[in-house]
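Everything on this sheet refers to the single structure shown next.
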Amino acid sequence: MTLATAPARPLRIGPIYLDVPVVLAPMAGITNTAFRRLCREYGAGLYVSEMITSRALVERNETTMRLIRHHESETPRSIQLYGVDPKTIAEAVRIIVAEDHADHIDLNFGCPVPKVTRRGGGAALPWKSKLFADIVDQAVKAAGDVPLTVKMRKGIDRDHLTFLDAGRAAEDAGAAAVALHARTASEFYSGFADWNAIGELKQAVTSIPVLGNGDIWSADDAVRMMAQTDCDGVVVGRGCLGRPWLFGELATAFGGEGKTVDATLGFVANAFRRHAELLVEFFEDEDRGCRDVRKHVSWYFKGYPVGGDIRTGLATASSLAEIDDFLGRLDHTAPYPGADAEGQRGRSGHPKRTALPDKWLESRELASSASEMMRGAEIENSGG
């Protein structure tokens with residue numbers, strides 16, 4: 001693995017100072033405490049929780065209250081909130097601040113999932129410019145001294161872009177930083193991220209950090225993105241799936257302290273085992289933890305000589321002992337396979353028309369009749 005390096009560029013988000021300008025992107029079902037802890041063991045940066053639904057937090061949903069907990073080793077602590085109603089989001093922020101659940105809060109305006117956008121939430125919401133500004137404004141005020149940031153997409157589709165207006169509105173409302181996933185909602189995770197849009201946002205938003213997200217599969221990609229766009233930091237999502245040690249490579253690339261690894265099959269097997277162990281601890285249930293790690297099997301062992309029988313065994317194991325048995329059958333001396341283990345991982349899909357409420361695109365203002373409909377955009381449970 002080649003590794004480009006860049007001059008040290010620390011990142012400040014409000015009072016939070018990061019030696020390395022790297023943020024773990026919230027990913028539903030992935031960025032729980034277990035995965036965040038594992039990533040921290042290799043590198044540095046800001047590690048954000050799974051998406052937390054504001055309404056579920058205000059109602060103190062049991063699953064949600066468990067998801068907002070952090071391990072004592074996690075600092076600074078970061079929670080991402082999702083919602084569509086300014087008052088509900090503000091109340092969720094007040095709970096987080098008053099009960100000391102986090103040191104940083106991020107607002108999600110980038111979700112492209114149809115069950116969210118068809119109700120006007122996620123990546124569809126910034127189209128309603130006043131509603132977007134009201135949400136950020138009230139959330140910032142409720143957060144007080146806790147820095148609040150915004151993560152968004154370019155817009156709904158190429159004909160309905162919102163990122164420049166939304167970035168400036170977030171800046172005006174007092175957000176501590178803005179992050180752009182450089183795809184539209186209609187692109188979902190397909191094709192290539194438009195890094196030029198990140199550069200445009202950086203030129204438009206001048207008083208707070210601008211972070212770039214999209215197609216960072218390696219530390220080299222992160223260095224190139226910052227050089228090309230002049231953004232202040234990077235947000236890493238799918239690129240770290242099955243590769244939590246990417247954060248060590250990122251730390252090293254940006255002049256920080258990170259672990260340099262030799263990603264032999266034995267090393268990867270041990271990382272997978274550690275992930276399973278942390279999930280068991282997080283869920284306080286061995287069977288559930290071992291079931292949850294199953295989704296990670298293909299990501300960890302992408303490109304490695306791991307037979308179908310072992311992959312199937314790991315994807316059906318229900319105990320750490322079973323996992324140990326299958327991992328023990330691997331050739332731990334097998335070297336890093338190079339290009340076969342690199343590149344895209346995780347979901348991609350195809351471009352598709354974004355599901356939207358009826359007549360959503362006819363106006364940038366929110367019709368009064370749409371307010372009740374939008375409550376359906378707040379999915380019942382946190383985590384996506």
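Worth a mention:
- From 322, 281, 257, residue being charged (D, E, K, R), without any contact (Cβ under 8 Å) to a residue 60 or more places away in the chain and open to solvent by 50 Å² or more (accessible area, probe 1.4 Å): 322
- Which numbered condition residue 286 misses (of (1) within 26 Å of residue 18 (Cα to Cα); (2) open to solvent by 70 Å² or more (accessible area, probe 1.4 Å)): (1)
- Matching residues in segment 148-168 - criterion: being closer than 19 Å to residue 80 by Cβ and either among the aliphatic types (A, V, I, L, M) or surrounded by fewer than 23 Cβ atoms within 10 Å (Cβ to Cβ) (or both): 148, 150, 152, 166
- Residues in segment 130-147 that are open to solvent by 20 Å² or more (accessible area, probe 1.4 Å) and touching a strand residue (DSSP E or B) at 6+ places or on another chain (Cβ under 8 Å) were compared, and the one that is farthest from residue 207 (Cα to Cα) is 146.
- Test: residue in segment 226-236 that is in contact (Cβ under 8 Å) with a residue 60 or more places away in the chain, farther than 17 Å from residue 20 by Cβ and either open to solvent by 10 Å² or more (accessible area, probe 1.4 Å) or among the aliphatic types (A, V, I, L, M) (or both): no
- Any hit, segment 100-110, residues being at positive phi and open to solvent by 20 Å² or more (accessible area, probe 1.4 Å): yes
- Qualifying residue in segment 326-341 (condition: acidic (Asp, Glu), under 26 Å from the mean Cα position of the chain (by Cα) and assigned to a loop (DSSP other than H, G, I, E, B)): no
- Selection of first residues in segment 60-89 that are of a type in the set (Val, Ile, Thr) and of second residues that are assigned to a loop (DSSP other than H, G, I, E, B) and open to solvent by 20 Å² or more (accessible area, probe 1.4 Å), restricted to Cβ pairs under 6 Å at least 6 apart or on distinct chains, gives the following pairs, ordered by first then second residue: 63/381; 68/101.
The values are calculated or read from the model by the stated rules, or taken from the named source; none is laboratory data. Predicted model, so just to flag it, every value in this text is computed and none were measured. Note: ideal-geometry Cβ built from the backbone for every residue, glycine included; neighbour counts use all protein chains shown. For accessibility, only protein heavy atoms count, side chains too; no ligands or nucleic acids. Shrake-Rupley method; radii C 1.70, N 1.55, O 1.52, S 1.80 Å.
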